[in-house]
Amino acid sequence: MTTATLPDTHADSGGPGFLRRHRMTLAPLLFLAPGVLFFLVYVIFPIFQSFQVSFYRWDGLGQPEFIGLQNYQELATDRAFEVSLWNNMKWLVLYLLAIPGGLFIALFLNQTVAGIRIYKSLFFFPFVISQVVVGLVFTWFYDPTFGLLNTLLESIGLPAINVLGDPTLATYGIIAAGLWPQIAYCMILYLTGLNAVDPEQIEAARLDGAKGLRMLWHVILPQLRPATFIAFVVTIIGALRSFDLISIMTNGGPFGSTRVLSFYMFEKALSEYGFRMGYGAAIAVVLFLIMLCFIAYFLWSMWRQERGR
């Protein structure tokens, strides 16, 4: 006499059997859920909220007043916004020097020479210190009375210069201060990438007679594309959101000549002379769109290169 077997109702009804069969799918989702939730609440939602607030006149406390595109129309005739945008372009172009600088330092530090660990520690040091400390160090370095820069200039017979007090030089002085830790960051990315370079391809290229710049351009750099992509994205974001160094070194001066969009947004929205939340949000939207255009371009370039393989 045969006994009929009943179906496993627990597995069909989503009980322990269901969880056991789908644990490989559910486990990573459960681990990712808190991070995704925080990302949605603290990144995605504020982005959309900034777009919404930019259409209002609001001081942060009272009732918002809908004004449409008036904040953006005012930006088009705002001289301070124009100066800030132009300074951001300067930051963007000159900050990209950190990428080749970090690459060549990484290539040097990747050699097996005596004392290389000491050199790595010295080049790594700027990355681990705070941007506030970097700003203070370079403020003392540029000081027109006792700064090391003017001491060196006077020792070779050149006149002293007041870098942070000159409207034409101040922005470039701050960018030079920002490049110091940014080069160290790019160096770390490329050192990590160089550890993953295929030694068999290097040896094959050497047998074919490749060396020097030819080896670098045709063999090493193609294998460093992921590190280069990350370096570009992080450097562009750092250039466009440069705030702390400007706040510490010049506070937007002299005469507003070192303002960038992020600092001008802070002045309009949150400083004691501002509390124009809608206008500050409009500046933030412009900054976000500029950043989005550059990052989207690099993502598209990477996707096209991967598709062409």
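Can you tell me the Rg and Dmax of the stretch 134-231, counting just the alpha carbons, in angstroms?
20.6, 58
Only counting other Cβ atoms within 10 Å, I'd like 257, 155 sorted with the fewest neighbours first. Walk me through the intermediate numbers first.
On the way: 257 16, 155 8.
Taking fewest neighbouring Cβ atoms as first place, the list is 155, 257.
Which order do the peptides 184-192, 246-254 come out in when sorted by mean C-beta neighbours inside 10 angstrom, highest first?
In decreasing order of mean packing, 184-192, 246-254 become 184-192, 246-254.
What chymotrypsin sites (Phe, Trp or Tyr not before Pro) does the stretch 249-281 have in DSSP loop regions with at most 14 other beta carbons within 10 Å? Before the final figure, lay out each step's value.
Working: sites: 255, 263, 264, 266, 273, 275, 279; in loops: 255, 273, 275.
Sites meeting the loop and neighbour criteria: 255, 273.
In nm, what is the difference between 0.36 nm times the number of residues separating residue 47 and residue 197 and their Cα-Cα distance?
This chain segment gains 50.2 nm when fully extended.
Filter the chymotrypsin sites (Phe, Trp or Tyr not before Pro) in the stretch 56-147 down to the DSSP loop ones having no more than 14 other Cβ atoms within 10 Å, then list what survives.
Working: sites: 56, 58, 66, 72, 81, 86, 91, 95, 104, 108, 119, 123, 124, 127, 138, 140, 141, 142, 146; in loops: 58, 146.
Hits after loop and neighbour filter: 146.
Give the span of the stretch 195-309's Cα atoms along each principal axis, as three whole-Å numbers ordered largest to smallest.
That gives 67, 32, 20 Å along the principal axes, largest extent first.
Hey, how many Å between the Cα centroid of the stretch 34-74 and the Cα centroid of the stretch 189-230?
Cα centroid of the stretch 34-74 versus Cα centroid of the stretch 189-230: 45 Å apart.
Quick one: give the max-minus-min coordinate of the C-alpha atoms of the stretch 153-202 along each principal axis, largest first, in Å.
Sorted largest first, the three principal extents are 54, 24, 13 Å.
Using 0.36 nm per residue of separation minus the Cα-Cα distance, give me the extension gain between residue 82 and residue 166 in nm, one decimal.
Full extension from residue 82 to residue 166 adds 28.3 nm.
At what distance in nm do the modelled label points of residue 111 and residue 289 sit from each other, each positioned 7 Å from its Cα along Cα→Cβ?
In this crude spin-label approximation the distance works out to 4.9 nm.
For 169, 207, what's the fewest-to-most ordering of other Cβ within 10 Å of each Cβ?
Ranking 169, 207 by Cβ neighbours within 10 Å, fewest first, gives 207, 169.
Run the numbers for residue 37 and residue 118: contour at 0.36 nm per residue of separation, minus the present Cα-Cα distance, in nm.
Gain on extension, residue 37 to residue 118, equals 24.9 nm.
Readers should treat all values here as calculations from the given coordinates under stated rules, not as data from a laboratory. The model shown is predicted, which means the values in this text are computed figures rather than measured ones. Don't worry about glycine lacking a Cβ; one is built from the backbone with ideal geometry, like all the others, and counts go over all protein chains shown.
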